[in-house]
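Have a look at the structure below before the remarks.
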Amino acid sequence: MDVSPTHVGARTVTAGIFAATVFLSASLLFFVQPMFAKMVLPYLGGVPAVWTTAMLFFQTALLVGYAYAHFISTRLALRHQVMAHTVLWACGLAFLPLAVPAGWASAPDFHPAVQTLAILVVGMGVPFVALAANAPLLQKWYARTGAPAAADPYHLYAASNAGSLLALLAYPLVAEPLIGTRALSIHWSVGYLILGAGLALTAVIAARGGGMRPVRLAGLSASRPSASRVALWLALAFVPSSMMLGVTSVISSDLGAFPLVWVIPLAIYLLTFILAFSSRLRVPQGVVEAGFMVSVSVVIVAMAHNNLASLGWLGFGLLCGAFFFVALLFHVRLYDSRPPESALTWFYLAMATGGALGGLFNSIIAPVIFNQTLEVYVVFGLAGLALTGRFRPKRDTLAAGCTLLLLGALPAMAISAGLAPAGVDHAHWTITILAGAALYLGWKQPLRYTITAAIVLAGGFALHGNDGVVERQRSFFGVYTVRDYPADGLRALISGTTQHGLQFTEDLGKRPRILSYYHPAAPLGQIFRSGAIGPSARVGMVGLGVGALACYAGPGQTWRFYEIDPVVDDIARNSNLFNYMEKCGRDAATIIGDARITLAREAPEPFDILVMDAFTSDAIPVHLLTLEALDLYRSRLAPGGLLALHVSNRYYDLVPLLANAAARLGLHALVQNRTGGPDAPLEAGEAPSMVVLMAPDPEALARFARNPAWRAMHGDGRGVWTDDHANLLSAL
């Protein structure tokens with residue numbers, strides 16, 4: 001085939017070959033991210049922070065790949081570039097098919113973030129870096145061909161992100177529901193081999209187009225961008241990256257740590273790259289800024305009211321919409337500041353560095369400096385700096401301050417004059433007026449908008465952020481808030497939007513009454529009051545909460561709690577916060593670590609009842625509900641033993657799934673969904689709950705089967721979750 005640059009048809013073919021190779025490389029790169037992250041969840045615990053830490057690895061590996069591409073493309077002749085990249089690609093073959101290293105086990109003495117990074121490096125580090133290097137490297141090679149737009153090869157980055165976006169959407173929507181992880185890993189390996197042929201072909205075309213001339217080092221310094229330009233690229237890449245991870249954490253803390261939730265923010269992130277780096281798809285500047293102003297201001301006012309998460313799906317939609325316009329605005333600025341082709345790898349290196357810094361901030365720094373997930377709020381507050389307009393610090397600060405002072409005084413004047421609407425929370429009204437002012441103050445004034453947004457957010461947190469808060473702690477696994485509700489005389493442990501235990505504050509210092517999901521009238525309370533749990537029973541409890549269930553413990557019984565987060569154990573055993581454990585469970589052991597891992601590792605005496613209550617803010621730890629996990633729990637039961645699973649959830653119907661799994665494992669199962677109503681109202685202090693009760697021996701369930709509140713579960717035979725294949729869409 002004639003690939004001479006002078007031949008128009010050949011030049012078009014050249015462009016197509018490069019675009020297809022970049023597209024395939026990016027598809028493999030972004031398909032493997034959710035695929036491998038899902039592989040490691042059973043080894044690390046199914047929490048949102050695993051994905052956030054995995055993203056730090058992906059961004060860091062991307063940076064390594066871009067740095068490698070920058071080095072070889074500016075220091076080596078083309079033939080040596082090809083040789084080096086061939087060796088790197090070939091080294092990646094040793095990792096195929098991708099899998100968790102044999103014999104890998106979590107170590108309780110090491111921080112979960114360190115273990116997450118280690119398993120990713122060992123399992124897929126080299127092939128990921130090889131793929132990451134292709135986007136900038138192939139653009140440099142394409143610039144040598146004389147093909148269409150070779151002088152400005154950035155359009156290939158749009159093709160790269162199109163492949164990334166397609167792969168991201170294909171994984172949770174098509175591949176994951178239909179194909180097991182092991183089979184997907186084999187298919188991915190085939191794609192990696194095909195990519196090798198594409199890389200070889202692009203190398204041959206580049207060699208014929210530009211020869212084997214080495215890059216002159218003297219020309220390198222001339223093409224090196226200024227420090228201020230690099231700083232701009234870093235900042236423009238940092239904010240969308242950090243915001244993507246922040247939005248992911250907010251969403252996955254309520255919906256669960258699994259690929260479909262992970263890829264929504266990442267898909268938005270890639271879509272904005274496509275729109276920004278493609279001249280044909282560019283969104284008009286006015287539309288971008290108007291969408292930014294409206295959506296971000298709405299989210300900021302919701303954040304100031306501290307009710308974004310409580311809005312449910314609407315809140316998630318608003319958050320994702322605002323993130324879209326922020327990322328689009330920043331990526332448009334990034335594209336508009338791109339350098340000539342001679343500094344292309346500098347540009348991508350700075351962009352990858354900014355993205356990795358965003359991941360570092362969210363994964364490592366923010367959990368240390370913030371005791372709650374403030375990073376997404378901080379970045380939203382800073383986002384206005386990307387708006388167009390002149391920076392006039394003195395004038396903007398004075399104008400913003402005076403206007404906000406005036407607007408802040410209006411509600412106070414209305415209240416004092418008796419003009420304020422009756423029944424309205426005046427603090428909320430004040431914040432809403434201030435947030436609305438941001439729309440007016442910020443138009444074409446980036447610093448003014450940013451100052452206004454910061455004041456609104458700070459005012460909201462001052463009024464609502466610590467309302468009733470007794471204690472707040474943050475760990476790798478989440479944010480835990482102990483909050484008092486004086487009107488009800490209650491104290492609650494809250495994570496995300498879900499409370500994990502209640503206690504009457506007047507019960508501190510004495511044996512507490514059992515409340516919430518564990519109330520004596522609730523399904524779990526019924527089980528422990530039924531007499532099915534004997535005086536010498538061994539009880540296992542997965543998920544500690546505040547330890548309320550321990551107050552069902554009787555003399556002679558042995559209780560054992562499994563809790564993934566030591567912070568929860570500290571809170572539950574702090575008698576100044578809650579005293580269930582002090583009064584009822586002082587002698588109960590707490591085993592720290594992921595329950596499935598610790599249960600598989602240890603060999604305690606079998607349990608007469610094992611209770612699973614490990615959900616966090618409606619997030620499902622999928623690896624605790626797979627067929628393999630349920631089989632493990634069954635193996636830990638004594639003859640006549642019971643397995644109780646608390647499956648209350650706002651988003652997922654888990655009963656059909658568990659019914660099928662029980663049928664597959666030969667378990668008999670009942671379910672009770674106690675939500676209250678005219679016929680069976682909830683009692684004071686009780687929370688709605690749904691519990692599935694399983695047993696290998698049907699006689700163990702006989703006393704419950706006679707209660708009409710418990711109904712039998714029968715599987716439809718259609719599907720179960722396994723470690724290899726779990727289709728969460730089927731339960732959503």
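The values are calculated or read from the model by the stated rules, or taken from the named source; none is laboratory data. Note that the structure is a prediction, hence the values are computed from the model and not measured. For neighbour counting, all protein chains shown are included, and Cβ atoms are generated from backbone atoms with ideal geometry for every residue, glycine included. What goes into the accessible areas is simple: the full protein's heavy atoms, side chains included, and nothing from ligands, DNA or RNA. Shrake-Rupley method; radii C 1.70, N 1.55, O 1.52, S 1.80 Å.
Overview of results
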read-out: Largest to smallest principal axis extent of the C-alpha atoms in segment 544-643, angstrom; value: 40, 33, 21
read-out: All-pairs Cα distance distribution in segment 621-679, expressed in whole percent, bin size 5 Å; value: 4, 14, 28, 24, 15, 8, 5, 2, 0
read-out: Spherically averaged projected area in nm², based on the convex hull that wraps the Cα atoms of segment 71-201; value: 10.3
read-out: Counted charge near Gly676, where neighbours are those whose Cβ lies closer than 12 Å (Asp, Glu -1; Lys, Arg +1); value: -2
read-out: Convex hull of Cα atoms in segment 153-207, direction-averaged projection (nm²); value: 4.4
read-out: Cα gyration tensor of segment 650-693 - equivalent ellipsoid semi-axes, whole Å, descending; value: 26, 11, 8
read-out: For segment 69-141: span of alpha carbons on each principal axis (Å, largest first); value: 48, 23, 16
read-out: Solvent-accessible area of Tyr652 with every protein chain in place, 1.4 Å probe, in Å² to the nearest 10; value: 10
read-out: Peptide ranges 624-637, 672-685, 315-328 listed from the most packed, as the mean C-beta count within 10 angstrom indicates; value: 315-328, 624-637, 672-685
read-out: Anchor Lys38: aspartates and glutamates whose Cα lies under 13 Å away (excluding residues fewer than 8 positions away in-chain); value: Glu176, Asp723, Asp724
read-out: Ordering of 544-550, 334-340, 17-23 by burial proxy (mean other Cβ atoms within 10 Å per residue, highest first); value: 544-550, 17-23, 334-340
read-out: Amide H partners (placed H, <5 Å) of Ile591, local residues excluded; value: Phe561, Tyr562, Glu563
read-out: Fraction of alpha-carbon pairs over 20 Å apart in segment 581-703 - percent; value: 50
read-out: Packing-based order for 638-644, 31-37, 137-143, 699-705, using average beta carbon neighbours within 10 Å, highest first; value: 137-143, 31-37, 638-644, 699-705
read-out: Proximal aspartates and glutamates relative to Lys583, as straight alpha-carbon distance under 20 Å, when same-chain residues fewer than 8 apart are discounted; value: Glu506, Asp507, Glu563, Asp569, Asp570
read-out: Environment charge at Val82 (Cβ cut-off 13 Å; Lys +1, Arg +1, Asp -1, Glu -1); value: +4
